[in-house]
């Protein structure tokens, strides 16, 4: 049961991250925080960096949740191969997103990298969505079936 709600929480936080990231991009705030991974001022920056800092905080939370979902799916004896594959792919994609996010800041919002960052974000959301669907499907499978 924990896997289902962990996967659902991961999907909700990831969707929130994509929403915030879209706002950061559309508002032209992508370079308001020129350092990576922290903004100037450290862990709690000043108000001028708040939106970009929030994006990075939600990204870090998302990364931790994606990795936790993969670990739980791998150790859950009821998990089938599909959920293990989708959660593992999600973990690879989230690590890729972290590296791309750093490169996007370092290379001053290079358009190609921003587009790749968005595309991989969509693939990441797809893998997390599939993981969530598979996790809830596990709970509906009867425990004592003689197939």
Screening 8, 29, 38 for residues that are over 24 Å from residue 103 (Cβ atoms) and under 21 Å from the mean Cα position of the chain (by Cα) leaves only 8
Selection from the stretch 60-96 of residues under 24 Å from residue 44 (Cα atoms), surrounded by fewer than 20 Cβ atoms within 10 Å (Cβ to Cβ) and either touching a strand residue (DSSP E or B) at 6+ places or on another chain (Cβ under 8 Å) or touching a residue at least 40 places away in the same chain (Cβ under 8 Å) (or both) yields 61
Residue list for the stretch 96-119, filter: at pLDDT below 90, in contact with a helix residue (DSSP H, G or I) (Cβ under 8 Å, 6 or more places away or on another chain) and part of a helix (DSSP H, G or I) | 101, 103, 104, 113, 114
Give the stretch 59-95 a look and list any residue that's within 13 Å of the chain's Cα centre (by Cα) and either assigned to a loop (DSSP other than H, G, I, E, B) or at pLDDT below 95 (or both), or say none.
-> 59, 60
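Among the listed residues 22, 28, identify the single one that is surrounded by fewer than 15 Cβ atoms within 10 Å (Cβ to Cβ), out of contact with any helix residue (DSSP H, G or I) (no Cβ under 8 Å at 6 or more places or on another chain) and outside any helix (DSSP H, G or I).
28
For residues that are free of Cβ contacts under 8 Å to residues at least 12 places away in the same chain and either touching a strand residue (DSSP E or B) at 6+ places or on another chain (Cβ under 6 Å) or surrounded by 13 or more Cβ atoms within 10 Å (Cβ to Cβ) (or both), tally how many sit in the stretch 41-57. Let's see the steps before the verdict.
Taking the stretch 41-57 and keeping what is free of Cβ contacts under 8 Å to residues at least 12 places away in the same chain, we get 41-44, 46-47, 50, 57.
Narrowing the set further to residues that are either touching a strand residue (DSSP E or B) at 6+ places or on another chain (Cβ under 6 Å) or surrounded by 13 or more Cβ atoms within 10 Å (Cβ to Cβ) (or both) leaves 41, 50, 57.
Count: 3.
May I ask you to verify whether residue 138 is part of a helix (DSSP H, G or I), without any contact (Cβ under 8 Å) to a residue 40 or more places away in the chain and on the phi < 0 side of the Ramachandran plot? Step through it out loud before you land on a result.
Details: part of a helix (DSSP H, G or I): yes; without any contact (Cβ under 8 Å) to a residue 40 or more places away in the chain: no; on the phi < 0 side of the Ramachandran plot: yes.
So residue 138 fails the test.
The values are calculated or read from the model by the stated rules, or taken from the named source; none is laboratory data. No experiment lies behind these values; they were computed from the predicted model shown. Every residue, glycine as well, gets a Cβ built from its backbone with ideal geometry; the counts of neighbours run over all protein chains shown.
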